[in-house]
Amino acid sequence: MVSSSDSLSRINLCQAHPALAKLLQRAYSGEKAAAFAYIGHAKSLRDPAEKAAIQEIEADEWEHRRHVLALLQQYRVPVSRGYELQFHLIGTLIAWACYVIGWFMPYYFAGRLESGNVCEYFVMMQAFHSLGIKEHDALLYEMGMKEKAHEAYFLEKIAAHPWLPIFSAVFRWDRGHSFNDVTLDQVVPVSESVRYCEHYPSSLHMRC
């Protein structure tokens, strides 16, 4: 447990909590992949209102990336070149795919992805707490809840689509199957939100 504020300001997460450092690196690069994907998604749409909504979500992803970079810098965690390349390619591929896979699938898989992303930020909060660090709670809460709002938006768009039951059976995401336990109709305050995602299955293994 790190106790003094001076020590907290100088902590190197790669040494103190390698799993948290890894999660920050993945989140930073993953936000770029998501933003790239939403650029392609927005450009593939014809409806101005839908296009604007996706562009707003894209802007949220870039903002999250800036916040995560600040955390990486504060705790002396390097940006992963491997993740940056990997997620750059993934985001670019998804962006191009949006032009050829129709209307439903970009919405479905965006919602499924956002569903999994929600817990990243609450798991970060739990990991910071294990080091005695709570100063980032409000930021991590805000980002996690924003990802949940994204999930809810995409689900609303496809809720009545006839393909949803088929995709749900295969990919295990719909209104009754989420990859997080956050609910927007029963939101808890920041002080209690550390209980979210306590059983989130993380497979991060532990090297910067």
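The values are calculated or read from the model by the stated rules, or taken from the named source; none is laboratory data. Because the structure is predicted, anything quoted here is derived from the model rather than measured. Glycine gets a Cβ as well: all are built from the backbone with ideal geometry, and neighbour counts include every protein chain shown.
So the values come out like this:
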| quantity | calculated |
| --- | --- |
| Yes/no for Ala42 being within 23 Å of Cys98 (Cβ to Cβ), part of a helix (DSSP H, G or I), touching a Lys or Arg at 6+ places or on another chain (Cβ under 6 Å) and at pLDDT 95 or above | yes |
| Subset of region 45-64 (residues that are outside any loop (DSSP other than H, G, I, E, B) and touching a helix residue (DSSP H, G or I) at 6+ places or on another chain (Cβ under 6 Å)) | Lys51, Ile54, Gln55, Ile57, Glu58, Asp60, Glu61, Trp62, His64 |
| Of all residues making up region 145-171, the number that are surrounded by 13 or more Cβ atoms within 10 Å (Cβ to Cβ) and either assigned to a helix (DSSP H, G or I) or modelled with pLDDT under 95 (or both) | 16 |
| All positions within region 70-107 that are within 17 Å of the chain's Cα centre (by Cα), of a type in the set (A, V, I, L, M, F, W, C) and over 20 Å from Gln15 (Cβ atoms) | Phe87, Ile90, Ile94 |
| So Glu142, is it acidic (Asp, Glu) and surrounded by 23 or more Cβ atoms within 10 Å (Cβ to Cβ) | no |
| Val188 farther than 19 Å from Leu71 by Cβ, hydrophobic (A, V, I, L, M, F, W, C) and part of a loop (DSSP other than H, G, I, E, B) | yes |
| Hits in region 70-99 (condition: among the hydrophobic types (A, V, I, L, M, F, W, C), surrounded by 15 or more Cβ atoms within 10 Å (Cβ to Cβ) and part of a helix (DSSP H, G or I)) | Leu71, Leu72, Phe87, Ile90, Ile94, Ala95, Ala97 |
| Close pairs from region 1-21: first among the β-branched types (Val, Ile, Thr), partner modelled with pLDDT under 55, Cβ under 7 Å, at least 6 apart | Ile11/Val2 |
| Exclusive hit being over 16 Å from Pro189 (Cα atoms), modelled with pLDDT of 95 or more and of a type in the set (D, E, K, R), set Glu84, Glu142 | Glu84 |
